[in-house]
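Here the structure comes first, spelled out in structure tokens, and everything after it is commentary.
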Amino acid sequence: MSHILDVDNLQVSFTTYGGEVQAVRGVSFHVNAGETLAIVGESGSGKSVTAQAIMGMVSTKNGQVKDGEIIFKGKELTTLPKKKIQALRGSEIGMIFQDPMTSLNPTMKIGKQIEEGLFKHQKISKNEAKKKTIDLLKLVGIPAPERRYRQYPHECSGGMRQRIVIAIALACDPSLIIADEPTTALDVTIQAQILDVLTAIQQERNMSIVLITHDLGVVAEVADRVAVMYAGVVVESGSVDEIFENPQHPYTIKLLQSVPSSELAESQRLVPIEGTPPDLFSPPQGCPFAERCPFAMEVCVEYMPEEQLFSENHYAKCWLHDPRAAGVKEQFAGKEEVLW
Amino acid sequence: MYIMKRLFTMVITLWIIASVTFVIMHFIPGDPFATDGKMLPEKTVENMRAKYNLDEPLAVQYVLYIKDLVMFDLGPSIQSKTRGVNELVADGFGPSAILGIQSLVIALTLGIMLGVIAALYHNRLLDYISMLIAIIGISIPNFILAPLLIKFLGVDWGLFPVAAWGTWQHTILPSIALATGPLAIITRFVRSSMLEVLDENYIQTAQAKGVSTMGVVIKHGIRNALIPVISFIGPLFASIITGTFVIEKIFAIPGIGKYFVDSIFNRDYPVIMGTTIFFSLILVVTLFLIDLTYRLVDPRIKLTSGGK
């Protein structure tokens with residue numbers, strides 16, 4: 001399988017009145033053609049910023065890509081001139097946003113908003129564009145597309161609007177879709193519908209999706225591989241089965257424990273993760289999770305752990321899995337039943 | 001239905017304004033003939049008062065006035081023996097309207113441009129320059145700006161006529177003087193409104209489509225940023241179009257503003273009433289048009305006639 005997107009050691013900072021926020025601190029991952037990579041993490045872990053960096057849109061918010069590479073189909077995006085990035089946006093990479101209630105222009109007709117991308121990237125006549133737009137509306141499951149074409153966003157429900165946002169992202173048949181929490185603002189039944197639409201189109205068009213979310217239920221449902229982010233770093237990455245069945249990083253373990261599921265026994269309690277994520281104005285030099293980690297060792301505070309490989313695709317950044325920490329791991333072996 | 005209802009309320013509004021003005025006007029001490037320094041024979045004054053119905057009780061005068069008003073007759077002017085108030089307003093409105101529309105066009109185009117530029121270059125040099133222009137525009141009253149314009153552009157450099165009314169060149173200096181204040185206010189309005197809009201999610205959506213920065217601003221930014229500005233343009237338009245006394249005085253322009261002020265000093269009752277009602281009419285009509293414009297600019301706004 002070929003990589004369609006390679007992100008290597010990406011670092012993004014924002015300049016604010018309070019100083020420099022290091023939102024993304026050396027993130028690496030890749031996306032294969034036709035697969036769905038889920039980037040999971042809590043608010044402020046840097047997952048949305050990573051997405052914006054891929055779209056070349058961090059600079060609009062006082063942000064700056066400090067270091068690293070983003071290679072999309074062999075092209076390095078971070079050094080690409082603005083015009084070339086704009087040519088890629090919407091045509092090769094589409095983006096779906098979190099809040100459908102505010103991501104559509106309230107004073108522009110729906111049809112026009114979808115067509116805008118088409119006119120921008122393709123030589124296409126008005127009639128062709130209209131036909132294509134109506135096909136897109138059909139594709140994302142909007143009934144009476146001719147009527148919707150002429151309507152304004154406020155005349156549609158949240159679910160409808162998210163379908164329209166998806167139609168906008170799909171307009172030019174991109175090979176990569178970045179979906180930044182596409183279902184967070186929707187209620188559960190609509191969430192499922194939207195995910196179904198996305199995955200169905202993905203299979204039809206062999207598209208890759210980078211799905212950014214904090215909802216592990218969504219991840220389990222649609223992702224092929226998962227990258228778990230914490231405080232601007234990918235702490236664990238692997239296939240969806242590896243992450244859910246055999247998590248290795250304490251943060252991933254804790255995260256999974258904090259999710260309610262129907263299989264939980266009635267007496268079993270949900271375990272919250274104690275503490276708060278580190279302050280990214282002055283991020284810790286060691287493992288960012290050390291402060292909250294039940295297994296933390298001295299080395300964890302001092303040095304950032306290396307990747308520890310568990311399989312071809314599965315790694316975790318944790319000292320616990322370093323051969324030198326084997327003894328410590330033994331100590332916790334008994335407690336694994338409780339914590340693992 | 002909505003329009004019918006609005007027209008009805010407009011008439012009611014004008015009637016209330018006319019009545020209140022009528023009452024307040026007669027509370028001002030003095031009357032049109034008392035202020036005259038020359039001693040007129042008593043009989044003459046009496047005749048004059050009778051001619052303008054001033055000898056009738058106030059209630060009767062009111063009824064007579066409203067009767068004429070319904071027939072669109074604003075009555076005779078006391079000062080001008082030859083022309084009625086209708087003619088005064090009609091003659092004066094032309095120059096005032098031309099000046100008003102010209103300066104509004106200047107204020108709107110430049111104001112929107114500066115505001116948008118300031119927002120795009122937020123906290124950078126161009127923003128500071130725009131804001132400096134805006135602050136200067138707000139702080140310098142037009143009765144100071146006007147003589148400066150006359151001195152430099154008119155006298156020293158001889159680019160434009162210094163004063164009076166005639167050719168189009170005559171309208172330029174007063175238009176500029178009249179436009180600066182509104183221009184500055186519009187600039188500030190547009191800037192803050194645009195800053196808000198640029199932060200909206202749909203701007204990101206547009207950028208993600210690959211639309212260029214200019215395209216995003218023009219297609220998605222400006223229209224949305226102008227919605228809050230429109231409500232401010234209504235009253236501004238009305239006041240600017242009905243003339244400003246100071247500018248018309250400085251440039252010796254035969255506009256309506258002159259009559260507005262002179263009539264009060266002269267207790268020229270019909271002219272006070274006429275100009276006030278005319279101003280109110282313009283204001284009420286513009287506000288109505290503004291509401292219709294809202295509907296065009298913002299599809300979310302529906303005009304309904306009831307509180308459904």
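Quick notes
- Spans of helices (runs of 4 or more DSSP H) in segment B:39-151 with at least 2 residues of a type in the set (G, A, S): B:85-120, B:125-139
- Of all residues in segment A:50-84, exactly one satisfies the criterion of being in contact with a strand residue (DSSP E or B) (Cβ under 7 Å, 6 or more places away or on another chain), assigned to a strand (DSSP E or B), under 25 Å from A:Q122 (Cα atoms) and not hydrophobic (A, V, I, L, M, F, W, C), namely A:E76.
- Here B:S192 meets the list (1) farther than 21 Å from B:G115 by Cα; (2) away from every other protein chain (no Cβ under 14 Å) almost entirely, failing just condition (1).
- Some residue of segment B:163-186 being within 14 Å of chain A (Cβ to nearest Cβ) and surrounded by 17 or more Cβ atoms within 10 Å (Cβ to Cβ): no
- B:Y294 vs. criteria within 14 Å of chain A (Cβ to nearest Cβ) and aromatic (F, W, Y): yes
- Restricting attention to segment A:164-185, the residues being surrounded by 22 or more Cβ atoms within 10 Å (Cβ to Cβ) and over 16 Å from B:K209 (Cβ atoms) number 2.
- Per the listing B:L195, B:L183, the residue uniquely under 30 Å from A:A169 (Cα atoms), at pLDDT 90 or above and part of a helix (DSSP H, G or I) is B:L195.
- Of B:K302, B:K249, all but one fail to be basic (K, R), farther than 18 Å from B:Y65 by Cβ and away from chain A (no Cβ under 14 Å); the exception is B:K249.
- Considering B:L69, B:L110, the condition of being in contact with a Gly (Cβ under 9 Å, 6 or more places away or on another chain), at pLDDT 85 or above and of a type outside the set (D, E) is satisfied by B:L69 alone.
- Selection over segment B:113-156 of residues that are modelled with pLDDT of 90 or more, charged (D, E, K, R) and farther than 17 Å from B:I222 by Cα gives a count of 0.
- Checking each residue in segment B:207-224 for being more than 7 Å from every other protein chain (Cβ to nearest Cβ) and either under 15 Å from A:I85 (Cβ atoms) or in a loop (DSSP other than H, G, I, E, B) (or both) picks out B:T213, B:G215, B:V216.
- B:R295 being assigned to a loop (DSSP other than H, G, I, E, B) and of a type outside the set (V, I, T): no
- If you filter segment A:55-106 down to residues that are of a type in the set (S, T, N, Q) and more than 9 Å from every other protein chain (Cβ to nearest Cβ), you find that the one that is surrounded by the fewest Cβ atoms within 10 Å (Cβ to Cβ) is A:T79.
The values are calculated or read from the model by the stated rules, or taken from the named source; none is laboratory data. All values reported here derive from a predicted model rather than from experimental measurement. Here Cβ is always computed from backbone atoms with ideal geometry, including for glycine, and neighbour counts include all displayed protein chains.
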